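Everything below concerns the one structure shown next.
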Amino acid sequence: MDFTEIRKKYEELTCALIEKKLTITTMESATAGQIASLITDTEGSSAVIKGACITYSNEAKILEGVPAETIHKYSVYSEETARAMAEVCRKKYHANIGVGVTGTMGNVDPANASSSVPGHVYFAISYEGETTSYYEELPAMDGRLAYKMEVASLVCDKINETLADK
């Protein structure tokens with residue numbers, strides 16, 4: 001995996017957001033802020049990033065506004081939870097785009113063992129009130145950073161597709 005290529009994709013995305021005067025926010029669990037970090041690596045990103053949340057635990061997601069019922073009904077690792085994360089952060093920060101990411105990277109999550117499957121990742125993009133969710137099964141990777149960067153790359157591609165469709 002070429003991290004340089006992923007960083008370049010985010011630089012291009014951030015510049016496009018600046019040019020289009022669009023704002024973005026993230027609520028990240030599995031990626032632990034990696035997406036927000038990649039966005040802010042580009043000069044001028046303060047014009048587009050409204051804020052970000054790292055919600056690594058169920059409690060953190062609920063504190064940020066994800067309905068507990070969603071987590072309990074569908075599990076923390078679900079498209080429904082990712083959708084709620086994207087919608088909640090977009091609304092909370094009054095951003096054009098909200099991104100929610102949840103999933104299990106290299107090992108089973110002991111706090112959610114019954115629904116935790118390594119390599120299963122769920123993310124959603126909420127743009128101007130429309131939310132699309134995605135599910136990916138990742139192969140085993142060499143370390144947590146590799147997982148986070150792979151998911152960040154997938155998210156960047158889907159954000160670009162979303163913007164191209166509008």
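Could you please tell me which pairs satisfy a Cβ distance under 6 Å, a separation of 6+ or placement on different chains, a first residue in region 58-81 that is over 20 Å from Pro110 (Cβ atoms), and a second residue that is part of a helix (DSSP H, G or I) and aromatic (Phe, Trp, Tyr)?
Sorted first by the residue in region 58-81, then by its partner, the pairs are Glu80/Tyr74.
Exactly one condition in (1) of a type in the set (Val, Ile, Thr); (2) in a loop (DSSP other than H, G, I, E, B); (3) crowded, with 16+ Cβ neighbours inside 10 Å is false for Val117; which is it?
Only one criterion is unmet by Val117, namely (3).
Give me the residue from region 12-36 that is of a type in the set (Gly, Ala, Ser) and not in a helix (DSSP H, G or I) and, out of that set, farthest from Ser116 (Cα to Cα).
Quick first cut of region 12-36, residues of a type in the set (Gly, Ala, Ser) only: 16, 29-30, 32-33, 36.
With the extra rule that they be not in a helix (DSSP H, G or I), the set shrinks to 29-30, 32-33.
Values: Ser29: 13, Ala30: 11, Ala32: 17, Gly33: 20 Å.
Step by step, filter region 12-36, then rank; the result is Gly33.
Residues to consider are Ser153, Ser133; find the one that is in a helix (DSSP H, G or I), under 14 Å from the mean Cα position of the chain (by Cα) and hydroxyl-bearing (Ser, Thr, Tyr).
None of the other options fit; the residue is Ser153.
Scan region 109-128 for residues that are among the hydrophobic types (A, V, I, L, M, F, W, C) and either under 13 Å from Ala82 (Cβ atoms) or touching a Leu at 6+ places or on another chain (Cβ under 9 Å) (or both) and jot them down. Steps first, please.
Of region 109-128, the ones among the hydrophobic types (A, V, I, L, M, F, W, C) are 111, 113, 117, 121, 123-125.
Correct list: Val121, Phe123, Ala124, Ile125.
In the list Ile125, Ile159, which residue meets the criterion of being under 19 Å from Met27 (Cβ atoms), touching a residue at least 24 places away in the same chain (Cβ under 8 Å), of a type in the set (A, V, I, L, M, F, W, C) and not in a helix (DSSP H, G or I)?
On the way: Ile159 fails: not in a helix (DSSP H, G or I).
After applying the criteria, what remains is Ile125.
If the requirement is being within 18 Å of Ala32 (Cβ to Cβ), buried (at least 22 other Cβ atoms within 10 Å of the Cβ) and modelled with pLDDT under 95, which of these qualifies: Thr104, Thr81? Spell out the reasoning first.
Values: Thr81 fails: modelled with pLDDT under 95.
Within the list Thr104, Thr81, the selection yields Thr104.
Within region 57-68, can one find any residue that is more than 20 Å from Lys148 (Cα to Cα), hydroxyl-bearing (Ser, Thr, Tyr) and either more than 16 Å from the chain's Cα centre (by Cα) or not in a helix (DSSP H, G or I) (or both)?
The initial filter retains those residues of region 57-68 that are more than 20 Å from Lys148 (Cα to Cα), namely 59, 62-68.
Cutting the leftovers down to hydroxyl-bearing (Ser, Thr, Tyr) gives us none.
The answer is no; no qualifying residue exists.
With the requirement that a residue be exposed (fewer than 13 other Cβ atoms within 10 Å of the Cβ) and not in a loop (DSSP other than H, G, I, E, B), what does region 1-11 give you?
Thr4, Glu5, Lys8, listed by residue number.
Give the residue that is surrounded by the most Cβ atoms within 10 Å (Cβ to Cβ), with candidates limited to residues of region 38-56 that are within 18 Å of Glu12 (Cβ to Cβ), β-branched (Val, Ile, Thr) and within 14 Å of the chain's Cα centre (by Cα). Even if it seems obvious, please write down each step before you answer.
So in region 38-56, the residues within 18 Å of Glu12 (Cβ to Cβ) come out as 38-49.
Subsequent filtering for residues that are β-branched (Val, Ile, Thr) retains 39-40, 42, 48-49.
Next, from what is left, pick out any that are within 14 Å of the chain's Cα centre (by Cα): 39, 49.
Values: Ile39: 24, Ile49: 19.
Restricting to residues being within 18 Å of Glu12 (Cβ to Cβ), β-branched (Val, Ile, Thr) and within 14 Å of the chain's Cα centre (by Cα), the top hit is Ile39.
Suppose we filter region 37-56 for residues that are over 16 Å from Ile18 (Cα atoms) and in a loop (DSSP other than H, G, I, E, B); how many remain?
Total meeting the criteria: 2.
The values are calculated or read from the model by the stated rules, or taken from the named source; none is laboratory data. Predicted model, so just to flag it, every value in this text is computed and none were measured. Note: ideal-geometry Cβ built from the backbone for every residue, glycine included; neighbour counts use all protein chains shown.
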